[in-house]
Each structure stands twice: as structure tokens, then as C-alpha cells.
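Participant: Have a look at the structure that comes next, please.
The values are calculated or read from the model by the stated rules, or taken from the named source; none is laboratory data. Worth saying up front: this structure is predicted, and the values here are computed from it rather than measured. Please note: Cβ atoms are built from the backbone with ideal geometry, for glycine as well, and neighbour counts cover all protein chains shown.
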Number of protein chains: 2
Amino acid sequence: MRVSELVAASGVPLATVKYYLREGLLMPGESTSATRADYTDLHLRRLTLIKALAGIGLPLPKIRVIVELIDEPRESLFDTLGHALAALPPYLEPVREGYPRAKAALDRLGQIYDPDYPAVAQLEHALAAAEDVGIPMSDERLRSYGEHVLAIARIDLASMPARSPESTVEYAVLGTAIYEPVLAALRRLAHQHLMATMLLDPDADPDADERAHDR
Amino acid sequence: MRVSELVAASGVPLATVKYYLREGLLMPGESTSATRADYTDLHLRRLTLIKALAGIGLPLPKIRVIVELIDEPRESLFDTLGHALAALPPYLEPVREGYPRAKAALDRLGQIYDPDYPAVAQLEHALAAAEDVGIPMSDERLRSYGEHVLAIARIDLASMPARSPESTVEYAVLGTAIYEPVLAALRRLAHQHLMATMLLDPDADPDADERAHDR
């Protein structure tokens with residue numbers, strides 16, 4: 001396809017397409033004349049990925065990390081995914097003192113603690129913020145959050161495509177970021193649902209439906 | 001206490017304290033002379049709340065909404081909480097066309113659908129974004145997310161203090177916002193944990209420990 005068709009199909013403006021080409025994020029098309037080049041579905045797919053990554057707040061250097069990992073994956077898929085996921089925001093400064101809150105939480109949950117994995121710093125930061133506002137993580141809440149989040153993560157991974165390293169990396173990066181706001185919104189709506197049941201009709205048992213269903 | 005002690009205890013700079021006083025967010029202290037006023041623990045608590053709300057990204061007009069709801073709650077706690085929680089970011093424009101994706105998801109989960117509740121617009125937006133990047137919400141994922149998020153919300157509400165409307169509103173607003181990054185970080189770490197188990201040692205069964213525990 002021509003560049004104009006690539007622009008139409010991707011919804012990315014021509015100037016931005018040219019910029020991605022200059023920056024080497026989008027691979028060049030095949031030249032068909034001095035001023036024309038031909039692009040394929042591979043270009044469209046790459047452009048769609050770059051657009052999606054920019055849309056979830058990744059700056060260009062981080063998009064480059066992901067695109068390069070897709071083009072030249074590490075030896076193990078675990079390594080490739082780890083490096084790709086590390087390119088997601090938020091970008092926190094690593095601290096030399098370690099992450100005591102995150103380590104204690106992960107130890108208690110029986111999960112891997114790798115201080116170099118960026119989500120550890122993110123968890124430390126989030127737990128410290130909860131302390132700061134006077135709602136520190138309790139053991140009970142941690143156990144419950146840990147259990148239910150693990151179940152959610154299992155569903156996420158069960159849907160991960162394995163047909164190519166490219167599709168796996170794309171899914172992991174986009175799925176991680178794009179479902180965080182879904183979870184946040186669902187939690188707020190679950191609060192509303194439970195509060196309506198408890199506060200507007202104190203006699204109602206929010207679990208009654210569920211139990212009837214289990215029978 | 002004097003204003004200097006209020007500054008020291010809250011960690012809020014003097015200029016900012018004065019600004020909050022001028023704006024009426026912080027109630028005036030009791031004048032003890034032409035240039036001095038006396039402040040109490042109530043002032044410190046209010047200041048700590050304003051600081052925490054500003055820290056999670058609320059602009060001043062939204063902080064004012066919450067502070068006013070604490071000072072003059074609505075008739076029902078459900079109403080008061082609903083309005084206070086509606087002051088949290090993100091701030092999306094309401095749309096006239098309704099929220100078809102959010103409505104379908106909530107109907108399927110058997111939860112309340114109230115288009116005026118801001119988390120509905122947030123869910124619609126998040127589900128549309130997931131579609132845009134080619135990872136639309138599946139029925140299976142929705143069912144699983146809904147079930148586990150409801151369990152998480154139940155734990156959140158079980159810890160909600162009821163000793164005063166003020167403490168309930170504070171907990172609801174801060175707890176909603178401050179635990180969203182905790183959940184996001186835990187989910188990323190759960191992915192890492194599961195991937196390590198599955199990809200580095202394909203024979204391992206990540207559920208084995210759990211099942212042994214259940215026995």
C-alpha cells in the first residue's frame with residue numbers, strides 16, 4: 001500500500017508516520033520510485049502498536065525498547081517479556097535502600113521478590129502512600145488482595161497468544177497497561193454496588209444471590 | 001497549637017497553610033491576639049486530608065467538594081459517599097449517548113448501572129481503549145474480573161470506619177484512590193510470578209502449592 005493508505009488505515013497523521021520512519025521505529029517501505037515506497041500489513045501492524053503505546057503514555061525511547069525487543073527478542077521469552085514490561089510507566093527512580101514494604105508483602109504472599117523488577121518499586125511506593133494517608137496495608141487485606149489478584153493474573157495469562165514472540169510481547173505490554181483502568185473502574189463500581197446494598201437496604205445480604213447461585 | 005507547630009506537624013509549608021485558610025478549605029484558628037491564632041487537632045487532621053487529596057492529584061475545587069461534604073454531609077451516607085467519590089480523578093466528559101460497553105458489562109455482572117456515577121464513564125472509556133488495541137474484554141475475563149474485584153471491594157468495605165461521617169468519607173475517598181496503584185503493582189508482580197513458574201519451569205504447576213494448602 002502507499003503511504004497515504006497507511007495513514008488512512010492506521011489513523012496516524014502523515015507527519016507522524018514520517019517522524020517514526022526517520023526515528024527508525026517504523027521500518028522503511030520498499031522503494032518503488034524516487035518518491036514512492038510500498039508498505040505492507042507489517043508496517044500497519046507496527047504503526048498500530050506504536051500508536052497504542054503512545055496512547056497509554058509511553059515516551060518514544062520506551063516505545064523504542066519494546067519495538068527493538070520485538071525485532072530482536074532475548075534468548076528466553078521470560079527475559080524478553082520482563083524487559084518489555086519494564087518499559088511501561090510509571091517510571092520511578094530506583095532506590096539503593098531496597099524496598100522493605102514490597103519485600104515483606106511479596107514474602108508473605110510467597111511470590112518472587114526481584115528488586116530490579118520495576119513493579120517492585122511501584123508496589124513499595126504505593127504501600128508507602130497508603131501508610132502516609134493513614135490506611136496502611138493490613139495482613140488481612142494483603143492476603144485477600146494477593147489471592148484475588150493472582151486469580152485475575154491467571155486469566156490474563158490464559159488469554160496470552162503464543163503464535164509468535166511479537167504477538168506475545170504486544171499482548172503482554174498492552175494488556176498489562178490497558179486493563180489497569182478497567183480494574184480500577186470495576187472496583188469503584190463494586191464499591192458502589194455493595195454500598196447501595198448495605199446502606200440503602202441494611203437488611204439485604206449482598207451475598208444472597210451468589211449463594212443461591214452456588215446451590 | 002501555633003501555626004508554626006501546625007506547619008511542623010503537617011509538613012505543609014506556611015505559605016500553603018495560609019493559602020488554604022484564605023480559600024476557606026482550612027477553618028480559621030481561634031484568634032489569641034491581633035497576629036496570632038490557636039489551632040487544634042481538628043485543623044491538623046483537615047490539613048493532613050487536604051495534603052493527601054492534593055497528593056493523589058485532586059485540584060482545589062475537587063478538594064473543596066470533599067471538605068464541604070465532610071462539614072455538611074447529605075441526608076444519607078450513600079449520597080454523601082457517592083458525591084465525595086465522584087470528586088476523584090479521572091475527570092471525563094459525560095457523553096449524551098450513554099455507555100453501552102459499561103452497561104452491558106454491569107448488566108452481565110448483575111450490578112447497578114447508574115450512568116451519572118463517574119466510574120461508569122471510566123469503565124466505558126477503559127473498555128473502549130481495550131477494544132482499540134485489539135484486546136477486547138471477553139465474557140470469561142469479565143466474569144472472572146467481576147468476581148474477584150467484588151471480593152476485593154468487600155474487604156475494602158469491611159475495613160471502613162463508621163465512627164463518624166468524617167472518618168467514613170476520608171477512608172472511602174483516600175482508600176479508593178490510594179489502593180488503585182497497589183492493585184496495579186500487585187497484578188504486574190503476579191504476572192511475573194506466574195510467568196516465572198510457567199516459562200522458566202514449564203513442568204511446574206503454579207497452583208500446586210495452593211492445592212496442597214487446601215488439603
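Participant: Scan A:99, A:117 and give me the residue that is at the interface with chain B (Cβ under 9 Å from one of its Cβ atoms), touching a residue at least 24 places away in the same chain (Cβ under 8 Å) and aromatic (Phe, Trp, Tyr).
Facilitator: A:117
Participant: Considering only the stretch A:11-51, how many residues are within 17 Å of residue A:67 (Cα to Cα) and either basic (Lys, Arg) or part of a helix (DSSP H, G or I) (or both)?
Facilitator: 18
Participant: How many residues are in contact (Cβ under 8 Å) with a residue 24 or more places away in the chain and not hydroxyl-bearing (Ser, Thr, Tyr) if we restrict to the stretch B:151-171?
Facilitator: So the answer is 5.
Participant: Test residue B:94 against the stated conditions and say whether it is closer than 23 Å to residue B:171 by Cα and at pLDDT below 95. Explain how you work it out, then say what you get.
Facilitator: Values: closer than 23 Å to residue B:171 by Cα: no; at pLDDT below 95: yes.
No.
Participant: Kindly check whether there is at least one residue in the stretch A:69-89 that is touching a Ser or Thr at 6+ places or on another chain (Cβ under 6 Å), surrounded by fewer than 15 Cβ atoms within 10 Å (Cβ to Cβ) and either at pLDDT 90 or above or over 30 Å from residue B:11 (Cα atoms) (or both).
Facilitator: Checked the stretch A:69-89: at least one residue is touching a Ser or Thr at 6+ places or on another chain (Cβ under 6 Å), surrounded by fewer than 15 Cβ atoms within 10 Å (Cβ to Cβ) and either at pLDDT 90 or above or over 30 Å from residue B:11 (Cα atoms) (or both).
Participant: Going through A:51, A:62 one at a time, which residue ends up being within 12 Å of chain B (Cβ to nearest Cβ), charged (D, E, K, R) and touching a helix residue (DSSP H, G or I) at 6+ places or on another chain (Cβ under 8 Å)?
Facilitator: Only one candidate passes the filter, namely A:51.
Participant: Now for a separate question. Pairs please, first residue from the stretch B:24-42 and more than 16 Å from residue B:14 (Cα to Cα), second anywhere and of a type in the set (Asp, Glu), Cβ atoms under 6 Å, 6+ apart in sequence or on different chains.
Facilitator: The qualifying pairs are B:30/B:38; B:32/B:38.
Participant: Looking only at residues in the stretch A:139-188 that are of a type in the set (Gly, Ala, Ser) and facing another protein chain (nearest Cβ under 7 Å), which one is nearest to residue A:72 (Cα to Cα)?
Facilitator: Step one: list which residues in the stretch A:139-188 are of a type in the set (Gly, Ala, Ser), which gives A:144, A:146, A:151, A:153, A:158-159, A:162, A:164, A:167, A:172, A:175, A:177, A:184-185.
Next, only the ones that are facing another protein chain (nearest Cβ under 7 Å) stay: A:144, A:146, A:151, A:153, A:159, A:175, A:184-185.
Details: A:144: 39, A:146: 34, A:151: 32, A:153: 26, A:159: 24, A:175: 21, A:184: 34, A:185: 36 Å.
Taking the candidates together, the pick is A:175.
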